[in-house]
Amino acid sequence: MTVKISIIVPTYNEESTILKFQETLRPLNGKCEIIFVDGGSTDSTVDLIDPAYTVLHTGKGRACQMNTGAKYSSGDVLFFLHCDSEVPSTALEEIEMVMQRYQFGYFGIAFHSESLLMSCCQFMSNRRAKIRRIVFGDQGIFLTRKLFFLAGGFPEVPIMEDYIFSLDLRRRKVKVGMTKSRIYTSDRRYSDTNAGRLKTMAQMHYLRAAYRHGMPLEEVARRYRDIR
């Protein structure tokens, strides 16, 4: 790799996903810096993290955790991952290709689901990122270290730090590139039924719109917890 990449993973009570997630990281071992930032897990998450990886500790809050990891990291490119993601083995090479043309990039999202609704969700998420330049954390955000700190890092708010961060970069007229491969992510926030999935999608769309129209983030966070 000609570009040093730091992978930063915020965790909180992820004992059910942490081992599988680390398996997807194995092909990347030794090729990049990997940092887990735990927000005070009360389960066995931290104990299950391979000692070969760096583990930092902060208070709970995904934005705070990711910002802490970024400050500790040494990479030229920062790659933020969620713990329920499945990373392609070619992730680092694909990031490097995108970064030859862009300062900011992401992976397309995909779900292990045969549901037509989840396929629609996948399509709309990737289309939104490509057309509107709004990228969410489960799409594997990566960007140059310089741009990240120039933008002030993720806003340390109770929810939607990735959405607000994307809006800020868009206002700065930062172009965004997408890799060829997809990141598979968990659909655990959604119901097992199509009716439940559709309801969750509608509620999440409503909450983003409500925030844009002035709903306080604390209220958005409260309502988000209610629908999960």
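Only the coordinates and a few stated rules stand behind these numbers; no lab work does. Here the structure is a predicted model, which is why all the values come from computation and not from measurement. So basically every Cβ, Gly included, is an ideal-geometry build from the backbone, and we count neighbours across all protein chains shown.
Some points to look at:
- Amide proton proximity set for SER16, modelled H, under 5 Å, gap of 5+: none
- Its Cα centre serving as origin, the range 5-188 has a Cβ charge dipole (Lys and Arg +1, Asp and Glu -1) of approximately 1260 debye.
- The distance between label points at ARG172 and GLN203 comes to 3.4 nm (points 7 Å beyond Cα on the Cα→Cβ vector).
- Extension gain from ARG26 to LYS130, taking 0.36 nm per residue of separation minus the Cα-Cα distance: 34.5 nm
- When shorter helices are ignored and each DSSP H run of at least 4 residues is given -39500 (n - 2.57), the per-residue value for the chain at 222 nm works out to -12500 deg cm²/dmol.
- Checking the cross-link pairs LYS146/LYS180; LYS20/LYS146; LYS20/LYS71 against a 29 Å limit on the alpha carbon distance flags LYS20/LYS146 as lying beyond it.
- Cut-off of 10 Å, at most 16 other beta carbons, DSSP loop: longest stretch of the chain lacking such GluC sites (Glu not before Pro): 16-113
- Using θ = phi - 60° and Karplus 6.51 cos²θ - 1.76 cosθ + 1.60, couplings along the range 39-53 (whole Hz; Gly, Pro as x): x, x, 3, 9, 10, 9, 3, 5, 5, 8, 7, 4, x, 5, 8
- With eigenvalues of the C-alpha gyration tensor scaled by 5 and rooted, the chain, Å: 25, 21, 19
- Selection among HIS112, THR90, PHE142 by position relative to the dipole of the range 5-188 gives PHE142 as farthest towards the positive end (Cβ unit charges, Cα centre).
- Computing FRET efficiency as 1/(1 + (r/R0)^6) for ARG212 and TYR53, where r is the C-beta to C-beta distance and R0 is 41 Å, gives about 0.65.
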